[in-house]
Amino acid sequence: MRSTTLATLALLIAAAAPATAQSHDHAGHGPAPAAAPAAGEFERLDANRDGFVQRAELPADHPLLPHFEMADRDRNGRLDRREFDAAQRMR
């Protein structure tokens with residue numbers, strides 16, 4: 001009986017984890033724009049000109065900021081041009 005209760009509790013916790021992982025409300029987002037991201041934005045944001053956009057280089061009000069970790073597909077802490085463009089199309 002106790003193992004059944006523990007198993008049920010573990011399943012409930014596992015099922016709730018994805019819902020609690022989201023810390024950003026996505027309700028205000030519209031559909032993804034059909035056009036390519038604005039030309040020059042990547043270069044403008046790449047302040048140190050290393051070919052990547054880091055979280056610290058994004059302005060505090062940039063719409064990509066809450067999604068930075070999701071956009072960083074290779075988890076190296078910075079966005080290359082491909083990651084940035086893909087994330088911009090998702091906004």
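The values are calculated or read from the model by the stated rules, or taken from the named source; none is laboratory data. Predicted model only: the values in this text are computed from it and were never measured. Positions of Cβ are backbone-derived with ideal geometry, glycine not excepted, and every protein chain shown enters the neighbour counts.
Things worth noting here:
- Cross-chain or 6+ apart pairs with Cβ under 6 Å, region 56-72 first and more than 11 Å from E83 (Cα to Cα), then in a loop (DSSP other than H, G, I, E, B) and modelled with pLDDT of 95 or more: E57/A47; L65/L58
Here is a yes/no grid of residues against (1) part of a loop (DSSP other than H, G, I, E, B); (2) loosely packed, with under 10 Cβ neighbours inside 10 Å; (3) modelled with pLDDT of 95 or more:
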residue	(1), (2), (3)
S3	no, yes, no
T8	no, no, no
I13	no, no, no
H26	yes, yes, no
H29	yes, no, no
A36	yes, yes, no
E43	no, no, yes
N48	yes, no, yes
A56	no, yes, yes
